[in-house]
Amino acid sequence: MVQELEFRAKPNLEEVIAAIRQAVVEEHEVQVYAVVLIKPGTIAKTSSGKIQRRATRAQFLAGELGIIGSSIFDSADDLGNEVSLSREVILATPVEKRPPLLIPYLQTQIARVLKVAPSQLNQEVPLSTLGLDSLMVFELKNQIQVDLGVTISIEDFFKDASVVLLATQILTQLTTKTALEPKLEPIPRSQELPLCLAQERLWFLDQLEPGNPFYNVPIAVHLTGELNAVILEQSLNEVVRRHEALRTSFSAVEGRPIQAIAPTLKITLPVTDLPGATVETALRIATEFAQQPFDLSQAPMLRAKLLRLTEQEHMLLLVMHHIISDGWSIGILIRELAEIYEAFSDGLPSPLSELPIQYADFAYWQKQWLQGEVLNNQVNYWKQQLSGSLPVLQLPTDRPRPAIQTFTGKKQFFAFPKTLSTGHHKKGAEIKLRSQGLFGS
């Protein structure tokens, strides 16, 4: 983002840049790579006064802008050695040395999800100016809670809390006995294993509509190049071995759902030859494959199939039930499968370390935490939110809403005319560029 800066008295450039970052984050929920402040009247414009974004971008890359201040994030995909910290280490450290220990840890965790260098994060600026999206916030929240055994509010990341303020809140919790919560740690598998709250909801819905595919999570991975199907099946089974959730089934004891984890489980990867088939044909088969329902009482909640289009082109189909997976875990599964396949192809063992915590451990921890005052606060909040007459979304459909939900739906694809799209972008540019210049990275 390039912004002309007009001022009478010399401004605080860091405050101006922070304000711009925060405004963009609040409006668009994106991380701003660079904020560049330039002298008034120097931004490239057309004869009619419109900002030339491409020209401005070219000047920026060539270092030809009249810059009076800037803040540019350096990409840092590999942060090297991660800073690790635990509750026990902090409490064993003298009080006056705890902030210098905790603040670098928080900076590193935030920098990790933003993929920037920790040194570029100002400890004093609000976290809301950094461009954290909801997925990043949940990853940060979970990592900090697991490492330090504290409760972090999601709102802290979207309001005015800085790294320093967040560190202060965490240290206060660590020294307040009433704020302590159960420690997330492995539990014996010999006892009854509860479901987490999200899993209970999905299990309940499955009881209402048994054998439905509504919560199937399909994945289709288009693979090109030489592929060894045997090694791919071995790699998939190694992922299943690593993650208990992929070996879990769900049954009821006196009306209560519990988890049952199979000690071992083998996934087969059948190969279907489709010589001469197009990718569209493969996707149609993938859709049919994805609509086959699961029986939650029978593991696994994972199915796989490999479509061979040619010797150099395949499509890997995976379907999981939502009770053991979500959008985040799909990325983990694909990444681990690729890393293990590469190692097995070279005759090497899996490069991935064993998992210290499994999902059943988290489900037990959640049930232990959500009791007493914590549970009452949550229940009372939602009772208040859902009290009274709730609004109903009335859509202008061509038929009345059925009394019983059918889950029948369709997709309709269409394209806007190019003239409409062009006119929309021009109008949006006129509105936004009155006060600032935007250019693509």
Which of the residues that make up region 328-344 are closer than 12 Å to Val217 by Cβ and either aliphatic (A, V, I, L, M) or over 14 Å from the mean Cα position of the chain (by Cα) (or both)? Ile330, Leu333
Of the residues Thr419, Thr408, Thr397, which is of a type in the set (Ser, Thr, Tyr), over 30 Å from Pro186 (Cβ atoms) and not in a loop (DSSP other than H, G, I, E, B)? Thr419
Matching residues in region 309-325 (at pLDDT below 95 and either part of a helix (DSSP H, G or I) or in contact with a Pro (Cβ under 9 Å, 6 or more places away or on another chain) (or both)) number 2
Inspect all residues belonging to region 137-148 and state whether any of them is in contact (Cβ under 8 Å) with a residue 24 or more places away in the chain, farther than 23 Å from Leu355 by Cα, of a type in the set (Asp, Glu) and touching a helix residue (DSSP H, G or I) at 6+ places or on another chain (Cβ under 9 Å). no
Residues of region 25-61 being touching a residue at least 12 places away in the same chain (Cβ under 8 Å) and hydrophobic (A, V, I, L, M, F, W, C), which ones? Val25, Val30, Val32, Ala34, Val35, Val36, Leu37, Ile38, Ile43, Ala44, Ile51, Phe60
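The values are calculated or read from the model by the stated rules, or taken from the named source; none is laboratory data. Treat the numbers as computed from the prediction; the structure is a model and nothing was measured. All Cβ positions, even for glycine, are placed from backbone atoms using ideal geometry, and neighbour counts span all protein chains on display.
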